[in-house]
Amino acid sequence: MAEYIVKENALKDFFKALTEGGKRRFLAPAEVSGKLQMIETDPEKVSLDFGNTHQSPKSAFFPQTEKLMAFHKDTAKSDPFVYKPLGLDETAPMVLFGLRPCDARGLVVCDRVFQNNRFTDPYWKSKYESAVKIGLACHDPRPACFCTAVGGSPFGEAGLDAIAFVRDGGLALKTLSAEGGEFLKGLSGLESAEIGAELAEKKQAAEAGMPGPLDQSKVAGAAVMEIYNQPHWKDTADRCLNCGTCTFVCPTCHCFDIQDEQNEKGGLRMRNWDTCMSWLYTVHGTGHNPRPTKTERMRQRFMHKLKYIPMKQDGACGCIGCGRCVTLCPVNIDIREVARQMNG
Amino acid sequence: MSEFEPKIVAFFCNWCTYGAADLAGVSRLDYPPNFRVVRLPCTGRLNPKYILEAFKRGADGVWISGCHPGDCHYIAGNYHARRKFMLLHHMLEAVGLEPGRLHFSWISSAEANKFQEIAREVVEKVRACGPNVNFRKAELDLGLPEVA
Amino acid sequence: MTSLPDLNQKIQSAAKRLLAEGKAEVVIGCRQGTTPMTVAPIFCRTEDDCNQLIWSNFAKINLATYLPKYPGKVAIIAKGCDARSAVGQVVEKQIERENLYIVGVACGGLVDVEQIQAREPRPIRAAEEDWATIKLSGDGWSSSLPKEDVLRRNCKTCVSRTPEGVADELIGEPTEALPADDYADLKALAGQSLEEKMAYFKGLVKNCLRCYACRNACPLCYCPVCFVDETRPQWLGKSQDEMDTFTFHLLRAFHCSGRCTSCGGCEAACPMDIKLREFNRLLDEEVQKDWNYLPGLSWDQTPPLTTYRPDDEADFIK
């Protein structure tokens, strides 16, 4: 593990160097239409002073609309009507700077959905494996932040190749993985330094004001049906609008809907984000809907985050505490409240 | 000839304009062949989404035609339709649809001459607007590598 | 000036009384939210629930949204716009008048959290409110904003701040209606080129995620199956195609024409802060011009698209 600093006047050089002379796509928090987002941006326009990006960075690896495969209908050519995969071979690798530690943990949750011992999603894998992920620790967690409540930290290291924090207008960095160490070695703008003590001190300071662990022991121990049949779901569902905002901004929501579109020239298969809050999500061809009302749909989301993902991912919580759903829910359904009700 | 030939989707009421088109045909009144007709039981049946769908799928123009006010087979279908058209027409022009793309008319089944005249007018106006690029869905970008 | 604790007190006792008298099985209102500047709708069935009821400048969505899906006798703590939407639902026969009890609360306008954050970018750890001022505080700072400066856009042209005439009872001192929207910006836009108009309206929705929160938050969107969810045929693609998104917004607004009460619930629910009401305003302007109709102001109104006049003028029809 190597430790570096980047002086304020060397920041731009450093960001440019991260693209490895244009070989990598550079993604960082930058403003787009008045909102800070993790997007492909000019190294000149990176923002270091922010709470978190408006949307989660999952779209870098799992875009809202992603083309999977296509075919053409030109019978003069040798391969009409044959589906060919798209975008697996020539994707330029990415470097992400400024991932908040909560979001990096969110990517780890998604990664285990898209790559596990049962199957591997090549579209996720081709982007995720080759990406270098540099985190930016939170000195100043926002009012709705609760990463510490679900096992994270504003200085958390999971899922990151290196972590940085802002220091005198510049950066201090610590590499976390072998790939990160290899990647950063010798990049322009970096100076070797000892930052370990400072990092530990800042971590403690940032965590000090944050909420303590959310007790999920009973949820972990209970049978699925026991939680499933709890009476509180109906009360929360009363005010849920099933609008799906929570799922669209969530860093660990990963459901998608595969759609085909075609015209006279050819056809395209793509996947689009979907939301379990939608009636359409579960409706069958027969018209039967196993989740007929908003109560079942809302329960599904919380059960998935707080029970099913922990069951499938060795206890890791499906909520990483970024607070986006809490802030953006139009009717203030707070996952912390629901988690407490589920536990007790 | 390289002149642009517009594609127009026409929604005709079964009880009047559809008959007028038929009468124009048997009367050997010639009119341009640029529109494809969708027969409706009444203009009141026209859901505004049909119009947007036609544009979205690449129609260069849309023409809706029904019975004269007061002559509706279902008594008031076209009166109700007229109110919807007023709003829809206003909204689409306000968001930037060329005024020559969307046409409405009342043509009874006896008015073959009016049908011929309006058909010509609609086609010419849509032709003048050129191909629909702003209200259609983008071409599918298949992104396939070239194969011989 | 109205005092909020006093107003809350009156709302709470009204709610308790209605439950006790059996005039309602549930009272729908708002309670304090879990983070600063949020409120949560609450369905009060017990006295404890009623004690949580508040009036807040931070209320987001229109509570009438909940009514069509709710069987049985319901009371609603309604601002002017909530009451108008509830009346609209009765007029459209989505709910029964005798199952509805409107506790009208005179409203002084709601605030737009986005505007507050634009003026106060520091992290806001706590917010206090009274009738006319919003007091904010954070780590070692505090400031206050006049509510007038951060009002929601729809609240600046509200013609029905007090739900007079339709409420079964009224709480608070009536507030004066404001001058109606003059649509000056839309009129100016109408004079511009087609390209400019299109760029403006397509630009409004370019960040749309198609989450349909605007639809779900809308008290008018009660269709059992929305056209965007129809699959046979599928009217809208599911991708982020610009025209699919644009069509959704045009049709969403069209379906609300002559029914929209300008509550601003759609904009408040939108996670991307899209100015959705611009589409509705286009149609509101036309509805008022053609038929001089404002929805939700009386029980015996006839919505303009459910009726007609033989002499409706439509000179664009050949």
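The values are calculated or read from the model by the stated rules, or taken from the named source; none is laboratory data. These numbers were taken from a predicted model, which means no experiment stands behind them. We place every Cβ from the backbone using ideal geometry, glycine too, and count neighbours over all the protein chains shown.
Whether any residue in the range B:115-129 is in contact with a Leu (Cβ under 8 Å, 6 or more places away or on another chain) and more than 7 Å from chain C (Cβ to nearest Cβ) is what I want to check.
Scanning the range B:115-129 turns up at least one residue that is in contact with a Leu (Cβ under 8 Å, 6 or more places away or on another chain) and more than 7 Å from chain C (Cβ to nearest Cβ).
In the list A:Thr275, A:Thr252, A:Thr293, which residue meets the criterion of being more than 8 Å from chain C (Cβ to nearest Cβ), buried (at least 18 other Cβ atoms within 10 Å of the Cβ) and in contact (Cβ under 8 Å) with a residue 24 or more places away in the chain?
Answer to the check: A:Thr252.
Which residue is nearest to the other protein chains (Cβ to nearest Cβ), if the candidates are limited to the range A:255-272 and must be out of contact with any His (no Cβ under 7 Å at 6 or more places or on another chain) and in a loop (DSSP other than H, G, I, E, B)?
Applying the filter and picking the extreme gives A:Asn263.
Pairs under 9 Å by beta carbon, first residue not assigned by TED's automatic domain parsing to the domain that holds C:Thr261 and modelled with pLDDT of 85 or more in the range C:160-176, partner surrounded by fewer than 18 Cβ atoms within 10 Å (Cβ to Cβ) and not in a loop (DSSP other than H, G, I, E, B), six or more apart or different chains?
From the range C:160-176, no pairs qualify.
Scan the range B:63-83 residue by residue and report those that are charged (D, E, K, R) and surrounded by 20 or more Cβ atoms within 10 Å (Cβ to Cβ).
Scanning the range B:63-83 gives B:Arg82, B:Arg83.
Please tell me if A:His232 is touching a Cys at 6+ places or on another chain (Cβ under 8 Å) and surrounded by 13 or more Cβ atoms within 10 Å (Cβ to Cβ).
no
For the range A:272-318, give me each residue that is closer than 18 Å to A:Ile333 by Cα and either in contact with a Pro (Cβ under 9 Å, 6 or more places away or on another chain) or of a type in the set (Gly, Ala, Ser) (or both).
A:Ser278, A:Glu296, A:Gly318
Look at C:Lys156 and say whether it is touching a residue at least 24 places away in the same chain (Cβ under 8 Å), outside any loop (DSSP other than H, G, I, E, B), closer than 22 Å to C:Leu7 by Cβ and assigned by TED's automatic domain parsing to the domain that holds C:Leu250.
Spelling it out, C:Lys156 is indeed touching a residue at least 24 places away in the same chain (Cβ under 8 Å), outside any loop (DSSP other than H, G, I, E, B), closer than 22 Å to C:Leu7 by Cβ and assigned by TED's automatic domain parsing to the domain that holds C:Leu250.
Could you look through the range A:6-51, keep only residues that are surrounded by 18 or more Cβ atoms within 10 Å (Cβ to Cβ) and of a type in the set (Gly, Ala, Ser), and pick out the one that is farthest from A:Gln64 (Cα to Cα)?
A:Ala17
How do the strands (runs of 3 or more DSSP E) wholly within the range A:108-220 filter down when requiring 3 or more residues that are in contact with a helix residue (DSSP H, G or I) (Cβ under 9 Å, 6 or more places away or on another chain), modelled with pLDDT of 90 or more and not assigned by TED's automatic domain parsing to the domain that holds A:Met303: which remain?
Strands (runs of 3 or more DSSP E) meeting the threshold: A:132-136, A:162-167, A:170-175.
Can you list the helices (runs of 4 or more DSSP H) lying wholly within the range C:20-132 that have 1 or more residues being in the same structural domain as C:Leu297 (by TED's automatic domain parsing) and of a type in the set (Ser, Thr, Tyr)?
By residue number, C:80-91.
Quick check, is A:Ala172 more than 14 Å from every other protein chain (Cβ to nearest Cβ), over 20 Å from the mean Cα position of the chain (by Cα), among the hydrophobic types (A, V, I, L, M, F, W, C) and more than 15 Å from A:Gly321 (Cβ to Cβ)?
Yes; evaluated as a whole, the condition is true for this residue.
Can you tell me which of A:Ser56, A:Ser33, A:Ser78 is hydroxyl-bearing (Ser, Thr, Tyr) and at pLDDT 90 or above?
Residue meeting the stated conditions: A:Ser56.
Find all pairs meeting these conditions: Cβ atoms under 8 angstrom apart; at least six residues apart or on different chains; first residue within the range B:117-146 and outside any helix (DSSP H, G or I); second residue surrounded by 12 or more Cβ atoms within 10 Å (Cβ to Cβ) and polar (S, T, N, Q).
Listed by first residue and then by second, the contacts come to B:Glu139/A:Asn263; B:Leu140/A:Gln262; B:Leu140/A:Asn263.
Please pick out the residue among B:Phe85, B:Phe104 that is in a strand (DSSP E or B) and facing chain C (nearest Cβ under 10 Å).
B:Phe104
Looking at the range A:228-244, which of the residues that are assigned to a loop (DSSP other than H, G, I, E, B) and touching a residue at least 60 places away in the same chain (Cβ under 8 Å) is farthest from the other protein chains (Cβ to nearest Cβ)?
So, considering only residues that are assigned to a loop (DSSP other than H, G, I, E, B) and touching a residue at least 60 places away in the same chain (Cβ under 8 Å), the one farthest from the other protein chains (Cβ to nearest Cβ) is A:Gln230.
Could you identify the single residue in C:Tyr222, C:Tyr308 that is of a type in the set (Phe, Trp, Tyr) and more than 10 Å from every other protein chain (Cβ to nearest Cβ)?
C:Tyr222
Mind listing just one residue for me: the one in the range A:50-84 that is assigned to a loop (DSSP other than H, G, I, E, B) and among the acidic types (Asp, Glu) and, of those, nearest to the other protein chains (Cβ to nearest Cβ)?
Across the range A:50-84, the extreme among qualifying residues is A:Asp79.
How many residues, within the range B:98-123, are more than 16 Å from B:Lys7 (Cα to Cα) and among the aliphatic types (A, V, I, L, M)?
Within the range B:98-123, residues that are more than 16 Å from B:Lys7 (Cα to Cα) and among the aliphatic types (A, V, I, L, M) number 3.
What pairs come up if the first residue lies in the range A:11-23 and is more than 15 Å from A:Val132 (Cβ to Cβ), the second is in a helix (DSSP H, G or I) and of a type outside the set (Val, Ile, Thr), and their beta carbons are under 9 Å apart, counting only those six or more places apart or on different chains?
Within 9 Å, the pairs are A:Leu11/A:Pro43; A:Lys12/A:Pro43; A:Lys12/A:Glu44; A:Asp13/A:Pro43.
Contact list please: Cβ distance under 9 Å, first residue in the range C:190-216 and surrounded by fewer than 20 Cβ atoms within 10 Å (Cβ to Cβ) and of a type in the set (Gly, Ala, Ser), second residue modelled with pLDDT under 95 and assigned to a loop (DSSP other than H, G, I, E, B), pairs at least six apart or on different chains.
Within 9 Å, the pairs are C:Ser193/B:Gly96; C:Ala199/B:Gly96; C:Gly203/A:Ser33.
What is the one condition in (1) in contact (Cβ under 8 Å) with a residue 24 or more places away in the chain; (2) within 8 Å of chain B (Cβ to nearest Cβ) that C:Asp284 does not satisfy?
So the condition that C:Asp284 fails would be (2).
Those residues that are polar (S, T, N, Q) and part of a helix (DSSP H, G or I), I need them from the range C:1-19; list them, please.
C:Asn8, C:Gln9, C:Gln12, C:Ser13
Residue by residue, here is whether (1) closer than 21 Å to B:Leu52 by Cβ; (2) surrounded by fewer than 23 Cβ atoms within 10 Å (Cβ to Cβ); (3) touching a strand residue (DSSP E or B) at 6+ places or on another chain (Cβ under 8 Å) holds:
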{"position": "C:Arg259", "(1), (2), (3)": "yes, no, no"}
{"position": "C:Cys263", "(1), (2), (3)": "no, no, no"}
{"position": "C:Glu267", "(1), (2), (3)": "no, yes, no"}
{"position": "C:Met272", "(1), (2), (3)": "no, yes, yes"}
{"position": "C:Arg281", "(1), (2), (3)": "yes, yes, no"}
{"position": "C:Tyr293", "(1), (2), (3)": "no, yes, no"}
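Yes/no matrix, rows are residues, columns are (1) among the acidic types (Asp, Glu); (2) crowded, with 16+ Cβ neighbours inside 10 Å; (3) closer than 30 Å to A:Leu11 by Cβ:
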residue	(1), (2), (3)
A:Ala76	no, no, no
A:Phe81	no, no, no
A:Leu96	no, yes, yes
A:Ala104	no, yes, yes
A:Thr120	no, no, no
A:Trp124	no, yes, no
A:Glu129	yes, no, yes
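Give the residue, chosen from A:Thr247, A:Thr252, A:Thr295, A:Thr327, that is among the polar types (S, T, N, Q) and in a loop (DSSP other than H, G, I, E, B).
Exactly one of A:Thr247, A:Thr252, A:Thr295, A:Thr327 is among the polar types (S, T, N, Q) and in a loop (DSSP other than H, G, I, E, B), namely A:Thr252.
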